[in-house]
Amino acid sequence: MSGAGANRMGPGGWTTLILAGVYFVVPLAMTAAFSLWEGGSTYGFEAYRLLLASADLPDALLLSMELALATVAALLLLLVPAMIFMNLYAPGLRPLFEFIATLPFVVPAIALVAGLTALFTGPEWLIGTPFYLVIPYFFLALPFAYRSLDVGLRAIDLTTLTEAGQSLGAGMGQIIRMVILPSLRAALVGSTLLTLAVVMGEFTFANVLLFRTFAVYMNQMGQHEATAAAALAVVSFLITWAAMLGVLIAGRGQTSIPGGH
């Protein structure tokens, strides 16, 4: 099938594919080349040695990864049950869900930051920790996670799967865990990857609220060491792709429905 698709691709298709590849590869290659530049015609790994010697990089990277995992957990725990309920029992609520999911695109990030300052009188166990950022990150990643899950739910016959499970005596919790979630594996992986990318690259909230995440550290590094900032961008790209590959492999490995025989 892939061979037939390749045969059907004409010169225009190949040209578009090559141009797209150049568009994505050339900036990354130039960034990598600049990260190796040490002045004049000298190239080396001094920028990368500087990163390895930095005591702040591991903390900033770990914080961003923890925030990403917390945001993914919050999104999936809230969105998956709500969207399953909406598709099964309240399809009339879809316009409301769509409206809420698109709000982060309409409201500027700086306006969201201003709104969050009103929560500074909240509980200290949340306000005084970096996990306060999970609140804005949730809304930033909401449109992407919602769209990925919506496509996945539309691709399966949710009503038939639910009725079949109920006819076999399964409760709704069992149906979601053993039937629906395995069917949504690709959508769940997509939501996770998109949320990871959003959180790892977010700068405005963390900078204004004075938390030193990976993006803030990269910006601060760029103000003093341009080549080190370029090296950090390359490392960020590799880490993101490694995380994406890990999630994809983990999702692909779960090929059987839990509890099946």
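The values are calculated or read from the model by the stated rules, or taken from the named source; none is laboratory data. Just so you know, these numbers come straight off a predicted model, no measurement behind them. No Cβ is skipped: glycine too gets one built from the backbone with ideal geometry, and neighbour counts run over all protein chains shown.
Taking the criterion of being in contact (Cβ under 8 Å) with a residue 24 or more places away in the chain and either of a type in the set (Ser, Thr, Tyr) or surrounded by fewer than 18 Cβ atoms within 10 Å (Cβ to Cβ) (or both), the residues of segment 210-225 that qualify are Arg212, Thr213, Tyr217, Glu225.
Selection of helices (runs of 4 or more DSSP H) fully inside segment 139-230 by the criterion of at least 1 residues being under 13 Å from the mean Cα position of the chain (by Cα) and modelled with pLDDT under 90 returns 185-201.
Taking segment 157-185 as the region of interest, how many residues are β-branched (Val, Ile, Thr) and loosely packed, with under 15 Cβ neighbours inside 10 Å? Give the derivation first.
From segment 157-185, those β-branched (Val, Ile, Thr) are 159-160, 162, 175-176, 179-180; that's our starting set.
Imposing the further condition that a residue be loosely packed, with under 15 Cβ neighbours inside 10 Å reduces the set to 159-160.
Qualifying residue count for the region: 2.
Among the residues of segment 39-83, those that are crowded, with 17+ Cβ neighbours inside 10 Å and more than 18 Å from Val189 (Cα to Cα) comprise Glu46, Ala47, Tyr48, Leu51, Leu57, Ala60, Leu61, Leu63, Ser64.
In segment 70-95, the residues that are within 21 Å of Glu163 (Cβ to Cβ) form Cβ pairs under 7 Å with partners that are basic (Lys, Arg), at six or more places apart or across chains, as follows: Met86/Arg94.
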